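Here's the structure we're looking at; comments come further down.
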Amino acid sequence: PEAQAWLAEGFAYAALNYRGSVTFGRDLREGFWGGAGDREIEDVQAALDWLRTAGLADPATTFITGESYGGHLSLLSAGRLPDDFAGALARVAMADWSAAVAEMNPAVRATWISFLTSPQAGTGQRMTLDAALVKFSPVNYARAVKASVWMFQGTLDTRTPPGQAESYASTLRDLGGDVLLEWFGAGHEPVGRTGRLAAQRRMLALAQAKLDGRRWDQLDG
């Protein structure tokens, strides 16, 4: 439905199976372990390069979006590939891993710490937790961000806690970036079909506003 919603408004739409995706075999599923975002960013760049061979993905009209880990990658891509996107639409995204660790659900925290310090695929080398938290956090690339950024976060979320979202938004705002942080009153996803529909409509409206030359941080709700 999300793909169809974008297509119905005249956008081209691409969905990327970056390393870490399931159903494509173990090598792809585990191919991002220990890289702190490097492999996923390589895959995003490769997808953009492929789209451009088809005459698509002009940076002035290209948006990246995702939720949860995909939201995190949307923000990370905006910082590490700053010349490639007009906007990043990140839902329930992890934006500042260092700030989030203390707020996380303990079981989730243990899982993420294990993942972040896992051996790097292909080399077996391990990154320290502190180094991984710094490298993996979109907030540490905020100075490079040129795209408009929308963050849609749950006030009760224990996976991607509210405080770390505030940290990213305030950092980007202080740097003069165009960032709009909006909230919904639930956990890690909007409630039901109505909540998801509202989020999709908001994204379409924001994309059109950007194409019209308007900043997101100056829009009404």
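The values are calculated or read from the model by the stated rules, or taken from the named source; none is laboratory data. This one's a predicted model, so the numbers in the text were calculated from it and none came from an experiment. We place every Cβ from the backbone using ideal geometry, glycine too, and count neighbours over all the protein chains shown. Only protein heavy atoms, including side chains, enter the accessible area calculation; ligands, DNA and RNA are left aside. Shrake-Rupley method; radii C 1.70, N 1.55, O 1.52, S 1.80 Å.
Being open to solvent by less than 70 Å² (accessible area, probe 1.4 Å), farther than 20 Å from L81 by Cα and either free of Cβ contacts under 8 Å to residues at least 60 places away in the same chain or in contact with a Cys (Cβ under 8 Å, 6 or more places away or on another chain) (or both) is the filter here; which residues of the stretch 13-42 pass it?
Once the filter is applied, which keeps residues that are open to solvent by less than 70 Å² (accessible area, probe 1.4 Å), farther than 20 Å from L81 by Cα and either free of Cβ contacts under 8 Å to residues at least 60 places away in the same chain or in contact with a Cys (Cβ under 8 Å, 6 or more places away or on another chain) (or both), the stretch 13-42 yields S21, G25, L28.
Listed residues S170, S118; which is at pLDDT 85 or above and either on the phi > 0 side of the Ramachandran plot or surrounded by fewer than 19 Cβ atoms within 10 Å (Cβ to Cβ) (or both)?
Every option except S170 fails the conditions.
Has the stretch 9-21 got at least one residue that is under 27 Å from V139 (Cβ atoms) and hydroxyl-bearing (S, T, Y)?
Yes - at least one qualifying residue is present in the stretch 9-21.
Give the stretch 93-104 a look and list any residue that's open to solvent by 60 Å² or more (accessible area, probe 1.4 Å) and not small (G, A, S), or say none.
E103
Before we move on, is W50 aromatic (F, W, Y), in a helix (DSSP H, G or I) and open to solvent by 70 Å² or more (accessible area, probe 1.4 Å)?
Against the criterion (aromatic (F, W, Y), in a helix (DSSP H, G or I) and open to solvent by 70 Å² or more (accessible area, probe 1.4 Å)), W50 qualifies.
Restricting to the stretch 198-212, name every residue that is touching a residue at least 40 places away in the same chain (Cβ under 8 Å), open to solvent by 30 Å² or more (accessible area, probe 1.4 Å) and either under 17 Å from P1 (Cβ atoms) or of a type in the set (V, I, T) (or both).
Within the stretch 198-212, R202, L204 meet the criteria.
Which of the residues spanning the stretch 23-78 are farther than 27 Å from T160 by Cα and among the small types (G, A, S)?
Correct list: G25, A46, A54, G55, A57, A60.
One residue is enough: does the stretch 170-179 have a residue meeting the conditions touching a residue at least 40 places away in the same chain (Cβ under 8 Å), out of contact with any Ser or Thr (no Cβ under 6 Å at 6 or more places or on another chain) and of a type outside the set (S, T, N, Q)?
Yes: the stretch 170-179 contains one or more residues that are touching a residue at least 40 places away in the same chain (Cβ under 8 Å), out of contact with any Ser or Thr (no Cβ under 6 Å at 6 or more places or on another chain) and of a type outside the set (S, T, N, Q).
Specify the residue that is nearest to the chain's Cα centre (by Cα); the eligible residues are those in the stretch 43-58 that are under 25 Å from N140 (Cα atoms) and touching a residue at least 12 places away in the same chain (Cβ under 8 Å).
That would be V44.
Free of Cβ contacts under 8 Å to residues at least 60 places away in the same chain and either of a type in the set (A, V, I, L, M) or open to solvent by 10 Å² or more (accessible area, probe 1.4 Å) (or both): is that true of E182 in this structure?
Considered against the rule, which asks whether it is free of Cβ contacts under 8 Å to residues at least 60 places away in the same chain and either of a type in the set (A, V, I, L, M) or open to solvent by 10 Å² or more (accessible area, probe 1.4 Å) (or both), E182 comes out as yes.
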